[in-house]
1. For the range 150-170, how many residues meet the condition of being more than 15 Å from residue 110 (Cβ to Cβ) and surrounded by fewer than 11 Cβ atoms within 10 Å (Cβ to Cβ)?
2. What number of residues within the range 128-148 are within 14 Å of residue 42 (Cα to Cα) and either surrounded by fewer than 15 Cβ atoms within 10 Å (Cβ to Cβ) or at pLDDT 90 or above (or both)?
3. State all residues of the range 120-143 that are part of a loop (DSSP other than H, G, I, E, B) and within 17 Å of residue 166 (Cα to Cα); if no residue qualifies, say none.
4. Residue check, residue 23 against (1) at pLDDT 85 or above; (2) surrounded by 10 or more Cβ atoms within 10 Å (Cβ to Cβ), all met but one. Which one?
5. Exactly one condition in (1) at pLDDT 90 or above; (2) surrounded by 15 or more Cβ atoms within 10 Å (Cβ to Cβ); (3) in a loop (DSSP other than H, G, I, E, B) is not met by residue 115; state its number.
């Protein structure tokens, strides 16, 4: 496939943006297929008119983390608990907000586990039904990640239940 570069070259694009784009593409191409799928899903969320500003921001941060993980406390990347702590540290109600986040994740994973058992659905079957990998379901059950709102909606739809049966009310 031949691409006509002339129209693109006539636009003034700052060299910093070009360098950033090239670094981003290199990092993406170095990832394995699972991470690439994850990044594409997050990019769709970040560009979705249905997503909230917070969801878009979190998706962009997650893309950055997936493509350029950082060292924190001697480990690569950041745990969901550390992310929660950072998210609430500047809030006057930080301790209460952190407790709410942790409780939501706990209740969600407990409810999901019970529903999977009650509906006699495997993690692999649920993953396929909502368009993620089985390890993603495992991470949700182990409380190693917090689901996006759209993921909760997809899980509820796949299990043929109301969202409130899955996600705790505030």
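1. Residues of the range 150-170 more than 15 Å from residue 110 (Cβ to Cβ): 150-151, 153-154, 156-158, 160, 162-163, 170.
Applying the additional criterion that residues be surrounded by fewer than 11 Cβ atoms within 10 Å (Cβ to Cβ) yields 160, 162, 170.
Result for the range 150-170: 3.
2. The number of residues fulfilling the criteria is 1.
3. In the first step, residues of the range 120-143 are kept if they are part of a loop (DSSP other than H, G, I, E, B); the result is 120-122, 131-133, 142-143.
Result: 120, 121, 122, 142, 143.
4. (1)
5. (3)
The values are calculated or read from the model by the stated rules, or taken from the named source; none is laboratory data. Please read these numbers as outputs of a predicted model, since none were measured by experiment. Positions of Cβ are backbone-derived with ideal geometry, glycine not excepted, and every protein chain shown enters the neighbour counts.
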